[in-house]
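Asks: Below is the structure I would like to discuss, written out as structure tokens.
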């Protein structure tokens, strides 16, 4: 069954685990085994995966679980596939700014949510 990846710039590790069916500890392990998976870290040190990272996780999962590659074999295959791609550095920089803005906006929403929770706790403790 094909996975539909939501149209957003960043995904938290739990979201990636849910989308891909790969547990968070496995995702962290794959980060150490596959240099191509490089989630950025927020100021709170939370992993933020890009859409490309999610797609790569799905490819790795397919290679390891369905095609029965070893980790070394999957690394070689990914390296071969990446060899044919060229990257436009200016485009990467522009995407970086957009992605940074998205992370900032999400952090603000998270902080507002936490503030509301703290205010609820304060209200309930004064009763």
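Asks: Roughly what angle does helix 71-83 make with the longest principal axis of the chain, taking Cα atoms, 0 to 90 degrees, to the nearest 10?
Replies: For 71-83 against the chain, the angle is about 80 degrees.
Asks: A further question on this structure: Grab the DSSP H runs of the chain that are 4 residues or longer, score each as -39,500 (n - 2.57), total them, divide by all residues and round the 222 nm result to the nearest 500 deg cm²/dmol. The partial results should precede the final answer.
Replies: Values: 5 runs with 79 residues, N = 127.
Calculated mean residue ellipticity at 222 nm is -20500 deg cm²/dmol.
Asks: So what is the relative contact order of the chain, in percent, for Cα pairs below 8 Å that sit 6 or more residues apart?
Replies: It rounds to 22 percent for the chain.
Asks: Still on this structure, I have one more. So for the pair residue 67, residue 121, with labels modelled 7 Å out along Cα→Cβ, what separation do we get in nm?
Replies: 4.7 nm
Asks: Using only Cα atoms and rounding to the nearest 10 degrees, what angle (0 to 90) does helix 24-33 make with the longest principal axis of the chain?
Replies: Long axis of 24-33 versus the principal axis of the chain: about 50 degrees.
Asks: Points 7 angstrom from Cα along the Cβ direction at residue 42 and residue 26: gap in nanometres?
Replies: About 2.5 nm separates the two model spin labels.
Asks: Then there is this: Given the options 100, 17, 82, state which has the largest fluctuation in a GNM of the chain using a 10 Å cut-off (strictly under) for Cα springs.
Replies: The residue with the greatest mean-square fluctuation here is 82.
Rule-based calculations on the coordinates, nothing more; no lab input. Since we're looking at a predicted model, the values are computed, not measured. Ideal geometry is used to build each Cβ from the backbone, glycine not excepted, and the neighbour counts take in all protein chains shown.
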